[in-house]
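> One structure follows; several queries about it will come next.
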Amino acid sequence: MIDKHSTVPVYLQLEQYLTGQIAAGSLRPGDAIPSENELCQQFAISRMTARKAVDYLVRQGKVERRRGQGTFVVQSGKNVRISLPLDRHLSSSEATLGLNEPVVNRLICLCHQAASQDIADKLRLAPGGEVWFMQRLRLVGDIPFVFEQSWMISDPFDDLSDADLNRSKYAYISRKGFTVERSEKEIRAELPSQQVRDMLGINRDEPVLHATSIAFLRDNIPFEISEIYYNQQHYRFTLTAARP
């Protein structure tokens, strides 16, 4: 079952074994797979090796971790993946068009604060200028997809409300007579903080895709800086590249 003398890494052998159990129906949608401790005992392997195999299954969307419960074979229809093109600026609502599950915005925080020097410089504000600070969790059905925190210019959006953010921020901006023209993003993989793990319901050792984004209105006016954390189990990024 596990050949420790094979040239195939042990964690990949374990991943292949568990994949076979799922394909054969021995592990069905909704079933819990053996815990890391149980896998260690059953196959005489290290906890790190067991975790690496399970992480690989999670990244493939075959199983999902549930905080405080264990790891389960993904239910039919729950392996939802969103394709997000890197060469286009899409809102979460636009990116999830075509999915059968509703997109839910859950507002965590909305308040005014003085901009830090870095935020003020990027938004072309005077030092200490007032900005909106907000934190939101986006879910598709009951699956947390994105956690973001943003700093947005207060003027001319002084009447921004909780209700606006629980619906669509970009719809609010459009009603105010503005058009979001583009964004500049820097994306990297990293191990998340405790807050991000709690929000996205992921394990400590699972990486997230972290984007720092500056969004611009027409006439090249920066209006928002966002730190966006994507649940990598449910996202794939695409890019159309043209030859020069």
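> If only one of ARG175, ARG236, ARG197 is open to solvent by 60 Å² or more (accessible area, probe 1.4 Å), at pLDDT below 90 and not aliphatic (A, V, I, L, M), which one is it? Quick ask: steps written out before the conclusion?
Details: ARG175 fails: at pLDDT below 90; ARG197 fails: open to solvent by 60 Å² or more (accessible area, probe 1.4 Å).
Just one listed residue meets the conditions, ARG236.
> Taking region 127-149 as the region of interest, how many residues are of a type in the set (Phe, Trp, Tyr), open to solvent by less than 20 Å² (accessible area, probe 1.4 Å) and out of contact with any His (no Cβ under 7 Å at 6 or more places or on another chain)?
1
> Look through region 14-43, keep the residues that are in contact (Cβ under 8 Å) with a residue 24 or more places away in the chain and in a helix (DSSP H, G or I), and return whichever of them is farthest from TYR56 (Cα to Cα).
PHE43
> Moving on. Is it true that some residue in region 93-111 is open to solvent by 20 Å² or more (accessible area, probe 1.4 Å), out of contact with any strand residue (DSSP E or B) (no Cβ under 9 Å at 6 or more places or on another chain) and either modelled with pLDDT of 95 or more or acidic (Asp, Glu) (or both)?
Within region 93-111 (the criterion being open to solvent by 20 Å² or more (accessible area, probe 1.4 Å), out of contact with any strand residue (DSSP E or B) (no Cβ under 9 Å at 6 or more places or on another chain) and either modelled with pLDDT of 95 or more or acidic (Asp, Glu) (or both)), the answer is yes, since at least one residue qualifies.
> If I ask for residues that are in contact with a helix residue (DSSP H, G or I) (Cβ under 8 Å, 6 or more places away or on another chain) and open to solvent by less than 60 Å² (accessible area, probe 1.4 Å), which ones from region 14-45 would you list?
Residues satisfying the conditions are LEU14, GLU15, LEU18, THR19, LEU27, ILE33, PRO34, GLU36, LEU39, CYS40, PHE43, ILE45.
The values are calculated or read from the model by the stated rules, or taken from the named source; none is laboratory data. Model, not experiment: these values are computed from the prediction. When we count neighbours, we look across all protein chains shown, and the Cβ atoms used for this are built from the backbone with ideal geometry, even at glycine. All accessible areas refer to the heavy atoms of the entire protein, side chains included, with ligands and DNA or RNA removed. Shrake-Rupley method; radii C 1.70, N 1.55, O 1.52, S 1.80 Å.
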